[in-house]
Amino acid sequence: MRVDRLIGILTILLQKEQVTAPELAEKFEVSRRTINRDIEELCKAGIPVVTMQGQGGGIAIMDGFKMDRTLLTNKEMQDILAGLRSLDSVNGTNRYVQLMEKLSAGSSDFMRGDQSVLIDLSSWYRNALASKIELIRDAIDGKMEMDFHYYSPRGESRRQIEPYYLIFRWTDWYVWGWCKKREDFRLFKLNRMEEVCVKGNTYEGRECPLPDLTDVKVFPGGIELKALFKPECKWRLVEEYGPWCYTEQEDGRLFFQSDYANKDYLLGWLFSFRDGVEVLEPEEIREEMRALIENMGKIYS
């Protein structure tokens, strides 16, 4: 919460001419000593915060810096607040809503008006994800090693990592860290992690490259799909790929062509259309679908 509090204090100082330490301590529910340390951190970060003693004194930003108060427009601040609210949807908490309420208690015009953008990043696994996300954030902040049981297409294993980034991508959450087993940086999906614990060991940190999150890098093996869909599948294609993704044929069927990097995902996606799709290419996918259909027929015969 310290970063959140520093952002909150800075926002209030940009909004108001002057504020006292007791007022900030009450607003953020911390001690006055904590507020004094936070002010020192803001000064170290290059923010020209000044304190004035005696009656009528308080904390303020130097006059020369006040011209930057209009750096964020109302619309830009509303977008920031929408992003903060989305974090609550993940964690299942009201932490960031409470932060916004504390900020809106001032005289800022930024906080007024209804929110027109609502972002919900929660999933069916929110209850399980929330605790993992909080644990991983604590481990990253404290540079502490993590240990967990991991399920992957290649099997199950126990992993120990140095976590560096918590990532939301492809509608799922991942952690990027140095894997001691592979002796390399790896991306781990939170839904596949169980028995997650933070070990007492700390790490100094190493030069960590940003992960390459392109589909081809994470899901290697390009597949060029060509398929015909029945007209009643049009809404699905439009919803997932846009109205330009197909060409309507003379018989009404929809010719669809796209590249895929994950064969398992592609097969599951195709089977979700049941008998509404016919794969034309590649032949490998046609054969695999035929074999799966035959095996399913034996099960239900």
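Structure notes:
- With the charge dipole of segment 218-300 set up from +1 on Lys and Arg Cβ and -1 on Asp and Glu Cβ about the Cα centre, the Cα lying farthest toward the positive end among the listed residues L225, V277, T247 is that of V277.
- Aspartates and glutamates with Cα under 17 Å of K180, excluding same-chain neighbours fewer than 8 positions away: E145, D147, E156, E162, E204, E207
- With R₀ set to 22 Å, the beta-carbon distance separating Q53 from E17 gives a calculated FRET efficiency near 0.85.
- Computed from the Cβ-Cβ distance with R0 of 25 Å, the FRET efficiency linking E207 to S152 stands at 0.45.
- Extended-chain gain in nm, criterion 0.36 nm per residue less alpha-carbon gap, K189 and F271: 27.1 nm
- Cα centroids of segment 258-301 and segment 1-38: 58 Å apart.
- Per DSSP, loop GluC sites (Glu not before Pro) in segment 193-284 with at most 14 further Cβ within 10 Å: E204, E207, E250
- Unsatisfied cross-links (Cα-Cα over 28 Å) in the set K44/K189; K230/K298; K44/K199; K143/K189; K44/K143: K44/K189; K44/K199
- Difference of contour (0.36 nm per residue) and Cα-Cα distance, D259 to R169: 30.5 nm
- In a fully extended conformation the segment linking Y300 and S131 would gain 56.8 nm over its present Cα-Cα distance, using 0.36 nm per residue.
Every read-out reported here was derived from the displayed coordinates using simple, explicitly stated rules and does not represent laboratory data. Worth saying up front: this structure is predicted, and the values here are computed from it rather than measured. Because the Cβ atoms are built from the backbone with ideal geometry, glycine has one as well, and the counts that use them run over all protein chains shown.
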